[in-house]
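Asker: Pasting a structure here, questions to come.
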Amino acid sequence: MSQSAHFLGKDLIGLEQLEAEQIRAILDTAEPFKEISERAIKKVPVLRGKTIVNLFFEASTRTRISFEFAEKRLSADTVNIASTGSSVQKGETLVDTARNLEAMRIDMVVIRHGSSGAARFLAERIPSNVINAGDGRHEHPTQGLLDILTIRDHRGDLNGQRICIVGDVLHSRVARSNIWGLTKLGAEVAVCAPRTLLPRDIQDLGVTVFGRIEEAIEWADVLNVLRLQLERMQAGFVPSLREYNRFFGVTSERVENAPRDLLILHPGPMNRGVEIDSDVADGPHSVILDQVTNGVAIRMAVLYLLAGGMPEKAESAKHGE
Ligand code: CP
């Protein structure tokens with residue numbers, strides 16, 4: 001693959017920086033890569049010889065494992081580093097950690113970090129490609145892309161689709177990536193949450209705001225239900241989890257009484273019985289596990305494009321050509 005023809009540039013920090021054409025190209029590139037994960041031998045030589053470091057400073061199940069599967073299925077060599085068990089625990093800085101990894105001749109870094117801006121900070125200081133796997137409240141671009149791919153799989157063209165993001169928008173990097181990506185593709189986007197869980201500037205992002213779940217469900221074709229990020233909350237954002245479920249929970253009664261056939265997404269991990277009831281999460285409207293499956297293909301597409309691959313060559317790349 002050519003290193004000069006970088007379709008996405010050097011890094012993927014957020015969907016805010018991407019053009020609609022680039023977002024569509026990532027989705028289209030993911031399509032042929034989906035099939036690799038269905039094979040008995042799930043491996044193609046697309047990233048053979050590349051070394052990728054997965055640097056996770058916050059907990060993760062889906063994103064970390066999905067990146068690792070994507071890297072291995074494209075034949076990259078991978079190393080996983082968590083803050084626990086590394087010299088970060090002794091006080092080593094992010095940049096020193098990354099520079100030491102660079103000294104071992106790596107090619108890409110996938111980073112999850114609790115601070116908004118950490119991925120960009122790193123990308124500006126090291127020559128390797130940097131992929132943001134979630135930074136504070138800022139963005140989680142591959143989650144946004146896999147959500148959009150899942151909606152497109154089930155509903156077709158995003159243009160004119162009405163997608164409501166329900167829940168803890170204030171603490172959510174997933175919400176921001178969804179808003180940037182979906183609006184660029186022509187979808188109508190709304191948010192629904194108690195005022196205490198909405199950023200003050202949310203309307204500047206071009207979204208409609210609903211304060212009542214009933215209004216949101218009346219309006220929407222798709223609900224993307226967010227986790228209440230209890231670990232980022234001091235007391236006082238919601239009176240109680242029970243009350244939150246009563247006023248904002250996505251319950252089977254609300255979904256079944258909706259005027260349209262709702263598609264239900266959730267990025268995970270879920271607080272069952274808080275923001276979403278189990279019978280909705282596991283029910284016929286839910287595409288939550290499709291999101292997880294699509295996550296591997298999206299991450300393969302991003303890795304391939306950042307390594308210099310071209311969207312129109314993805315079909316032949318999947319056949320090892
Ligand atoms: N959706 C998501 O980012 O999940 P993890 O925190 O498990 O990676």
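Asker: For A258, are the conditions met, namely being open to solvent by less than 40 Å² (accessible area, probe 1.4 Å), away from the ligand (no atom under 16 Å from the Cβ), assigned to a loop (DSSP other than H, G, I, E, B) and out of contact with any Gly (no Cβ under 8 Å at 6 or more places or on another chain)? I'd like the intermediate steps shown before the answer.
Answerer: On the way: open to solvent by less than 40 Å² (accessible area, probe 1.4 Å): yes; away from the ligand (no atom under 16 Å from the Cβ): yes; assigned to a loop (DSSP other than H, G, I, E, B): yes; out of contact with any Gly (no Cβ under 8 Å at 6 or more places or on another chain): yes.
Against the criterion (open to solvent by less than 40 Å² (accessible area, probe 1.4 Å), away from the ligand (no atom under 16 Å from the Cβ), assigned to a loop (DSSP other than H, G, I, E, B) and out of contact with any Gly (no Cβ under 8 Å at 6 or more places or on another chain)), A258 qualifies.
Asker: Within segment 51-104, take every residue that is open to solvent by 50 Å² or more (accessible area, probe 1.4 Å) and among the basic types (K, R) and give me the one that is farthest from Q143 (Cα to Cα).
Answerer: K90
Asker: Here's a follow-up. Taking G49 as the residue in question, decide whether it is more than 16 Å from the ligand (Cβ to nearest atom), at pLDDT below 95 and in a loop (DSSP other than H, G, I, E, B).
Answerer: Values: more than 16 Å from the ligand (Cβ to nearest atom): yes; at pLDDT below 95: no; in a loop (DSSP other than H, G, I, E, B): yes.
For G49, the condition - more than 16 Å from the ligand (Cβ to nearest atom), at pLDDT below 95 and in a loop (DSSP other than H, G, I, E, B) - is not met.
Matching residues to (1) within 16 Å of the ligand (Cβ to nearest atom); (2) modelled with pLDDT under 95; (3) part of a strand (DSSP E or B):
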site	(1), (2), (3)
V95	no, yes, no
R99	no, yes, no
I111	yes, no, yes
L122	no, no, no
T150	yes, no, no
W180	no, no, no
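Asker: Same structure, new question: Pick from segment 267-296 the residues that are open to solvent by 60 Å² or more (accessible area, probe 1.4 Å) and more than 12 Å from the ligand (Cβ to nearest atom): which of them is nearest to V225 (Cα to Cα)?
Answerer: R272
Asker: Looking for whichever is of a type in the set (G, A, S) and surrounded by fewer than 19 Cβ atoms within 10 Å (Cβ to Cβ) here; the options are S128, S115, S172, S177. Which one fits? Walk me through how you get there before you give the answer.
Answerer: On the way: S128 fails: surrounded by fewer than 19 Cβ atoms within 10 Å (Cβ to Cβ); S172 fails: surrounded by fewer than 19 Cβ atoms within 10 Å (Cβ to Cβ); S177 fails: surrounded by fewer than 19 Cβ atoms within 10 Å (Cβ to Cβ).
From the options S128, S115, S172, S177, the qualifying one is S115.
Asker: So, one more: Evaluate the following for G136: is it within 16 Å of the ligand (Cβ to nearest atom), without any contact (Cβ under 8 Å) to a residue 60 or more places away in the chain, surrounded by fewer than 21 Cβ atoms within 10 Å (Cβ to Cβ) and over 14 Å from L263 (Cβ atoms)? So that I can check it myself, show each step before the final result.
Answerer: Working: within 16 Å of the ligand (Cβ to nearest atom): yes; without any contact (Cβ under 8 Å) to a residue 60 or more places away in the chain: yes; surrounded by fewer than 21 Cβ atoms within 10 Å (Cβ to Cβ): yes; over 14 Å from L263 (Cβ atoms): yes.
Yes; evaluated as a whole, the condition is true for this residue.
Asker: Which one of T208, T183, T196, T142 is surrounded by fewer than 21 Cβ atoms within 10 Å (Cβ to Cβ), within 29 Å of M300 (Cβ to Cβ) and of a type in the set (S, T, Y)? Talk me through it step by step, then tell me what you get.
Answerer: Working: T208 fails: within 29 Å of M300 (Cβ to Cβ); T196 fails: within 29 Å of M300 (Cβ to Cβ); T142 fails: surrounded by fewer than 21 Cβ atoms within 10 Å (Cβ to Cβ).
One residue alone meets the criteria, T183.
Asker: Please count how many residues of segment 152-168 are in a loop (DSSP other than H, G, I, E, B), open to solvent by less than 10 Å² (accessible area, probe 1.4 Å) and either acidic (D, E) or within 15 Å of the ligand (Cβ to nearest atom) (or both).
Answerer: We begin by selecting, within segment 152-168, every residue in a loop (DSSP other than H, G, I, E, B); these are 156-161, 167-168.
Of the ones still in play, those that are also open to solvent by less than 10 Å² (accessible area, probe 1.4 Å) are 158, 167-168.
Still in the running and either acidic (D, E) or within 15 Å of the ligand (Cβ to nearest atom) (or both): 167-168.
Residues that pass the stated criteria total 2.
Asker: Regarding V79, is this residue modelled with pLDDT of 95 or more, more than 16 Å from the ligand (Cβ to nearest atom) and not in a loop (DSSP other than H, G, I, E, B)? Give the derivation first.
Answerer: Details: modelled with pLDDT of 95 or more: yes; more than 16 Å from the ligand (Cβ to nearest atom): yes; not in a loop (DSSP other than H, G, I, E, B): yes.
Answer is yes for this residue.
Asker: Only one of D221, D277, D261, D282 is in contact with a Lys or Arg (Cβ under 8 Å, 6 or more places away or on another chain) and on the phi < 0 side of the Ramachandran plot; which? Before the answer, list the steps.
Answerer: Values: D277 fails: in contact with a Lys or Arg (Cβ under 8 Å, 6 or more places away or on another chain); D261 fails: in contact with a Lys or Arg (Cβ under 8 Å, 6 or more places away or on another chain); D282 fails: in contact with a Lys or Arg (Cβ under 8 Å, 6 or more places away or on another chain).
Answer to the selection: D221.
The values are calculated or read from the model by the stated rules, or taken from the named source; none is laboratory data. It should be emphasised that the depicted structure is a prediction, and the values quoted were computed from it without experimental measurement. Note: ideal-geometry Cβ built from the backbone for every residue, glycine included; neighbour counts use all protein chains shown. Each accessible area value is taken on the protein alone, full model and side chains, heavy atoms only, with ligands, DNA and RNA left out. Shrake-Rupley method; radii C 1.70, N 1.55, O 1.52, S 1.80 Å.
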